[in-house]
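The values are calculated or read from the model by the stated rules, or taken from the named source; none is laboratory data. Keep in mind that what you see is a predicted model, and the values were worked out from it rather than measured. Because the Cβ atoms are built from the backbone with ideal geometry, glycine has one as well, and the counts that use them run over all protein chains shown.
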Amino acid sequence: MTRISVDINDEWLEAAREVLGTDTKVATINEALRSFAVRRKAADILEAFDSVQMDYSGSKDAWRESGGRDLSAFAEEARRDRVA
């Protein structure tokens, strides 16, 4: 872990703490940096998906019930549970 001394805008730090739900300045800064690293990783993954040509022809037939799952049994069960 790197230890640095840096001046930080107090208003931005407090706003970030509120959004991130962190308790300390160190936790806020670390969480903010972690979230940007995760975003970067997600962008790289999306870029990789975009670089591959996908063929979805015929995928509708692979799922039965007009291209989707029949969830009516789950809906009926949820209704019964709600009444009970």
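Here are some notes:
- Where a residue in the range 1-14 is surrounded by 10 or more Cβ atoms within 10 Å (Cβ to Cβ) and its partner, wherever it lies, is modelled with pLDDT of 95 or more and of a type in the set (V, I, T), with Cβ under 8 Å and at least six apart: I8/I29; L13/T28; L13/I29
- Filter result for T22 (hydroxyl-bearing (S, T, Y), modelled with pLDDT of 95 or more and touching a Lys or Arg at 6+ places or on another chain (Cβ under 7 Å)): no
- Note on the range 20-46: residues that are of a type in the set (A, V, I, L, M) and surrounded by 12 or more Cβ atoms within 10 Å (Cβ to Cβ) amount to 4.
- Residue in the range 59-70 that is on the phi < 0 side of the Ramachandran plot and modelled with pLDDT of 75 or more present: no
- Flag if A48 is modelled with pLDDT under 80 and in a helix (DSSP H, G or I): no
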